[in-house]
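Report on one structure; see the data block that follows.
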Amino acid sequence: MTGIGRRLRRRPPRYSAAALAWRGLRGDYWPRIWRDTELKRSYDAVVIGGGVHGLATAYYLARNHGITDVAVVDKAYLGSGASGRNTAIVRANYLTPEGVAFYDRSLKLYNSMALDLNINVMMSERGHLTLAHNDSSLRTMNWRAEVNKLQGVDSCVIGPDEISKIAPSLDTSSHPRYPILGALYHPPGGIVRHDAVVWGYARAADHMGVEMHQKTEVLDILCEGGDGPDGKGPGGKVVGVRTSRGDISTPVVVNCTAGWAGLISAMAGVRLPITTHPLQAAVTEPVKVFLPTVVVSGSLHVYISQTDRGELVFGAAVDAVATYSIRGSLEFTEELAGHVLELMPGISRMRLLRQWSGLCDMTPDYSPVMGFTPVDGFLVDVGWGTYGFKAAPVSGEQMAEAVATGRTPELIAPFALSRFEAGELVGEKGAAAVGH
Amino acid sequence: MLLVPCPNCGPRNSADLRYGGESHARPDPATATPQQWRSYLYLRDNPAGWLRETWYCRSGCRRWFTLERNTATNEFRQPPIPGDKRGGKA
Ligand SMILES: Cc1cc2nc3c(=O)[nH]c(=O)nc-3n(C[C@H](O)[C@H](O)[C@H](O)COP(=O)(O)OP(=O)(O)OC[C@H]3O[C@@H](n4cnc5c(N)ncnc54)[C@H](O)[C@@H]3O)c2cc1C
Ligand SMILES: [Zn+2]
């Protein structure tokens, strides 16, 4: 706390019960939680993308490394991308040792986030069930449980009896077409209020001097010395960014644009192993809280959680066709409803309130692409697919370290872009294709 | 929903087809370096605009064909050429 305190430009209004009462009584307005400043002509670093990854990176640059001359630029508003559209599930029960260590660190940072950022992110460690409906998925669950336990992550495989004790609304009988044979149970998994995470990082970064520029679209990345046209491409270095509000000179650009990551990387002459697919989700009317955990079924391509307000939040796998259009489809809702009812026949009378969609930057191995690229000063924190919300804290922390030290931190070394050239993929499909 | 103009079957719901993704020339496996081969396998252009891509008419004529689609608006263009299959088999 003192470390942060020293670097504060101005004292932030603390959120507390006392402050709430005081302002309530005096009828005071809360000040805007981040400043609106002029866009300068130069910065020590520019982060492209004002989603949870870009904001976390900026926050940790300032907090852990004292690098505060940073601009986060977004073409729309903060959280307008997948960060404001996700289903907010956090967990660490991945399949590879590299993945488990990484996501576990993120979960730890989520657990202390409310205190670190002084904002209620409504972290709810409610447990996470991944159902198995056939022998092969049961085998994957056992595999994941063993990898998890070895790294000190709380996971185990349980049978239908225990499942129905945890979530009685699930049909654990042998009647369904795909009966539930068992589940991977991961007690530390849960949900977090995604908007609060975005705002919390933005507010904390702002207090340390980082600037957030909304409605500032990056049109080009200015490079020198590269093999490609205009000095872009391998062997070159970044010298600036062209935005819809003018040019900025900077030696460091961090690409945190998720679904748009390929477009931004192309501006620096870097090709990525990424295709952009929409992911849809839907929410029902609120009812009394009856579902205590997050429930995922890979075989049925659905997952379900219930918010504190009582709405059921549903999600699925990404749409098969690559596109930048985020139009929803009736097929999605139909399929979703059918599959959900197979798991929970009791909710057949509930009504959907709305459905939406967001862009996901899918990689071939369902792991991210992080760190340095062949263009000096151009870093990526992308490939977040359908699982990047839970990874934001650790990604911000590690990307900030990479920027500050010029070296790749050990925790993210397995996720380097160069792994594709080396053929060293980090296969997480079995743990990330449906359960986000 | 996307209406995909199959050259043999006419417009079909995209759910009836399998999406094959970006279409790139395959390097010769006999002479390609591992690096060239892996670029072909993994790296993508992923443009927001016109994209040349392959489709497999799974529940219709069961043929691969190539189309151009605008990935920002999802409109298709260029009448597909019948029998224009992707390099190998499904
Ligand atoms: C429906 C849905 C459900 C999901 N559920 C989960 C879940 O349960 N758990 C989980 O861990 N993950 C989940 N995800 C994935 C997660 O939401 C994303 O991986 C994560 O939010 C990515 O964050 P980001 O900050 O990298 O990108 P985004 O939040 O997408 O931000 C990228 C930003 O870049 C900006 N941008 C783009 N182009 C430009 C440009 N040219 N100039 C300036 N700015 C630009 C955009 O405006 C955008 O704000 C889900 C995603 C979706 C769509
Ligand atoms: Zn056909």
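The values are calculated or read from the model by the stated rules, or taken from the named source; none is laboratory data. This structure is a prediction, so every number in the text was calculated from the model and none was measured. Backbone-built Cβ (ideal geometry, glycine too); neighbour counts: all protein chains shown. The area values use the complete protein model at the heavy-atom level, side chains included, leaving out ligands, DNA and RNA. Shrake-Rupley method; radii C 1.70, N 1.55, O 1.52, S 1.80 Å.
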For this session: Determine the distance separating the Cα centre of the range A:144-166 from the Cα centre of the range A:172-223; give it in Å without decimals.
Result: 23 Å
Exercise. If you put +1 on each Lys and Arg Cβ and -1 on each Asp and Glu Cβ, how big is the dipole of the protein assembly as shown around its Cα centre, in Debye rounded to 20?
Worked result: 800 debye
Problem set entry | Cα shape, the range B:3-77, gyration tensor, a/c 1.5 rule | oblate
Exercise. Once you charge only the Cβ atoms, +1 for Lys and Arg and -1 for Asp and Glu, what is the size of the charge dipole of the range A:293-436 about its Cα centre, to the nearest 20 debye?
Worked result: 500 debye
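If you take each beta carbon of peptide A:269-280 and count the beta carbons of other chains within 10 angstrom, what is the mean? Spell out each step's value before the answer.
Values: counts 0, 1, 6, 5, 7, 4, 7, 5, 1, 0, 0, 0.
Mean partner shielding for this stretch: 3.
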For this session: Could you pull out every one of the aspartates and glutamates with an alpha carbon less than 17 Å from that of A:Lys108, ignoring same-chain neighbours closer than 8 positions?
Result: A:Glu98, A:Asp116, A:Glu125, A:Asp154, A:Glu397
Problem set entry | Exposure ranking of B:Glu68, A:Glu125, A:Glu331 by accessible area [1.4 Å probe, largest first] | A:Glu125, A:Glu331, B:Glu68
Seminar exercise, completed: The farthest towards the positive end of the charge dipole of the range B:3-77, of the residues B:Asn46, B:Cys9, B:Thr31, given +1 on Cβ of Lys and Arg and -1 on Cβ of Asp and Glu, is B:Cys9
Problem set entry | Tilt relative to chain A, helix A:97-111 - C-alpha long axis, 0 to 90 degrees, to 10 | 80 degrees
Exercise. Once Lys and Arg get +1 and Asp and Glu get -1 on their Cβ, which of A:Asn118, A:Leu181, A:Ala400 lies farthest toward the positive end of the dipole of chain A?
Worked result: A:Asn118
For this session: Calculate, in nm to one decimal, what A:Tyr29 and A:Arg245 gain on full extension: separation in residues at 0.36 nm each, minus their alpha carbon distance.
Result: 74.7 nm
Seminar exercise, completed: Packing-ranked peptide list from B:30-36, A:332-338, highest mean Cβ count within 10 angstrom first, is A:332-338, B:30-36
For this session: Sort A:Ile274, A:Ile326 by accessible area with a 1.4 Å probe, largest first.
Result: A:Ile326, A:Ile274
Exercise. By how many degrees, between 0 and 90 and to the nearest 10, does the Cα long axis of helix A:392-405 differ from the longest principal axis of chain A?
Worked result: 30 degrees
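Would you rank A:Phe420, A:Phe372 by solvent-accessible area, highest first, keeping every protein chain in place and using a 1.4 Å probe?
Accessible-area ranking of A:Phe420, A:Phe372, largest first: A:Phe372, A:Phe420.
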Problem set entry | Segments A:87-100, A:141-154 sorted - mean Cβ within 10 Å per residue, highest first | A:87-100, A:141-154
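Looking only at the protein assembly as shown, where both bridge partners belong to it, what percent of the DSSP beta bridges are antiparallel (to the nearest 5)? Please list the in-between numbers first.
Working: 63 of 82 bridges.
So the antiparallel bridges amount to about 75 percent of the total.
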Exercise. To the nearest 10 square angstrom, how much accessible area does A:Val434 have with a 1.4 angstrom probe?
Worked result: 10 Å²
Exercise. At what distance in angstrom do the alpha carbon centres of the range A:343-407 and the range A:249-309 lie from each other?
Worked result: 6 Å
Problem set entry | Shielding by other protein chains, B:62-75, mean Cβ within 10 Å | 2
Exercise. Which of rounded, prolate, oblate describes the range A:177-306, given a ≥ b ≥ c as roots of the alpha-carbon gyration tensor eigenvalues and a/c under 1.5 marking rounded, otherwise prolate only if a/b is larger than b/c?
Worked result: prolate
Exercise. Against the longest principal axis of chain A, how steep is helix A:17-26, in degrees 0 to 90 to the nearest 10, with axes from Cα atoms?
Worked result: 70 degrees
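Over the whole of A:364-370, what's the average partner chain Cβ count within 10 Å per residue? Rounded to a whole number, please. Kindly include the intermediate steps, with their values, before the conclusion.
Working: counts 4, 1, 0, 0, 0, 0, 0.
Taking the mean over all residues of the peptide, I get 1.
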Seminar exercise, completed: Sorting A:Ala62, A:Gly84, A:Ser16 by the position of each Cα along the dipole of chain A (Lys, Arg +1; Asp, Glu -1; all at Cβ), the one nearest the positive end of that ordering is A:Ser16
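Find the relative contact order for chain A and round it to a whole percent, using C-alpha pairs within less than 8 Å whose residues are 6+ positions apart.
Values: 1013 pairs, mean separation 95.8, N = 436.
Computed over chain A, the figure is 22 percent.
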Problem set entry | Rounded to the nearest 20 debye, dipole of the range B:3-77 from Cβ charges on Lys, Arg, Asp, Glu | 240 debye
For this session: Using a/c under 1.5 as the rounded threshold, could you call the protein assembly as shown rounded, prolate or oblate? The axes a ≥ b ≥ c are square roots of the C-alpha gyration tensor eigenvalues, and prolate needs a/b larger than b/c, oblate otherwise.
Result: oblate
For this session: With 23 Å as the limit, write out which pairs from A:Lys215/A:Lys429; A:Lys40/A:Lys75; A:Lys390/A:Lys429; A:Lys40/A:Lys237 have Cα-Cα distances beyond it, or answer none.
Result: A:Lys215/A:Lys429
Seminar exercise, completed: So, relative contact order of chain B in percent, Cα under 8 Å, 6 or more apart, is 28 percent
Exercise. Remind me, relative contact order of the range A:148-306 in percent, using alpha carbon pairs under 8 angstrom and six or more residues apart?
Worked result: 15 percent
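Nearest 500 deg cm²/dmol is fine: what mean residue ellipticity at 222 nm does the protein assembly as shown get from its DSSP H runs of n ≥ 4 alone, each adding -39,500 (n - 2.57), divided by its residue count?
Values: 14 runs with 139 residues, N = 526.
Value at 222 nm, helices only: -7500 deg cm²/dmol.
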